[in-house]
Amino acid sequence: MKRLFAYNPTLSQAWGLVALTILIQLVSGLVVVPFIPADGATQSWHLLLSYVLCFVIMIFIVMKMGETEYLSPVPAQGGGAKLPPLGGGSGWGLLLFFIPALAIVIEPLYMWIPMPEQIKQLFETAFKNDMPTFLSVVVAAPFAEEWLCRGVILKGLLRHYSPRKAIIWSAILFGVLHINPWQAIPAFCIALAIGWVYWRTRSLWPCIFMHAVNNSIAFLMLHLFPDAASDATTLDVAGAYYGLVYAAALLCCAFTGYGLWWMSRKNYLAPNR
């Protein structure tokens, strides 16, 4: 298991990992086509299998690149204390409410960007209210992306740079991994929060939890509003009540964010030491 996290990339190497992941994901999509056509009713299965294949390859590559560090490990810097994880449970509750509130609060940053009709159709074709989409979005993505972006990239950057620089650059790389601005901007903002939690806890589990909660909400929207456009926002769903919804989300985000910060100050989250 330690081999999965042995590699500690620098910033330039982290950029290489993200570029390689994007390239392999494109190629893996072509590899899967003979077995699962990339159209019609099988589109969701095609995306799931190509996604899994991509990260299986990335796991192999990262393990090979980290072999030297695994055989001659460098002493860990900071975050080694065994403290109550996220306040013995209350922190998990704060994260549960913090993530959906944050997702609503940051929507104005990108909701004004018009989505081309071709991109809309691509999203509507790719993401459906079915089991393979659930497995891709809610299960595979949180585990695979958090392993790469926090467990490998951010962990490595924290060895080489200050926490602020490491968290910001890892968030930028997480946004780039999503390629398009309609996902990249919110991904960057949410990755800042996830990166901070990783820095304070040095654990992937809260990161996976935050990622899964965020993606679960997106999947739930597919179920509750099947006729909504792929670029639908809270404004489209809430309508005349948007102001109240946004104000409530802003208060919830501030309250839960302060709670997490307070817990870190009281050493309920593992400090960087």
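The values are calculated or read from the model by the stated rules, or taken from the named source; none is laboratory data. Values in this document were obtained by computation on a predicted structure and should not be read as measured data. Note that we place each Cβ from the backbone using ideal geometry, even for glycine, and neighbour counts take in every protein chain shown.
Restricting attention to the range 118-146, which residues are at pLDDT 75 or above and among the charged types (D, E, K, R)?
Passing the criteria: K128, D130, E145, E146.
In the range 12-35, how many residues are of a type in the set (A, V, I, L, M) and surrounded by fewer than 18 Cβ atoms within 10 Å (Cβ to Cβ)?
The number of residues fulfilling the criteria is 9.
Please state which one of L224, L220, L244, L250 is aliphatic (A, V, I, L, M), surrounded by fewer than 15 Cβ atoms within 10 Å (Cβ to Cβ), on the phi < 0 side of the Ramachandran plot and touching a residue at least 24 places away in the same chain (Cβ under 8 Å).
Just one listed residue meets the conditions, L250.
Of these, E124, E146, which one is part of a helix (DSSP H, G or I), within 18 Å of the chain's Cα centre (by Cα) and of a type in the set (D, E)?
Being part of a helix (DSSP H, G or I), within 18 Å of the chain's Cα centre (by Cα) and of a type in the set (D, E) holds for just one of E124, E146, which is E146.
If I filter the range 167-187 for residues that are closer than 19 Å to S264 by Cβ and among the small types (G, A, S), do I get at least one hit?
yes
Could you tell me which residue of the range 1-51 is nearest to R159 (Cα to Cα), considering only residues that are β-branched (V, I, T), touching a residue at least 24 places away in the same chain (Cβ under 8 Å) and in contact with a helix residue (DSSP H, G or I) (Cβ under 6 Å, 6 or more places away or on another chain)?
T10
Here are the criteria: (1) modelled with pLDDT of 85 or more; (2) over 15 Å from E145 (Cα atoms). Tell me which single one L48 does not satisfy.
(2)
Working carefully through the options I179, I190, find the one that is at pLDDT below 90 and among the β-branched types (V, I, T).
Matching residue, one of I179, I190: I179.
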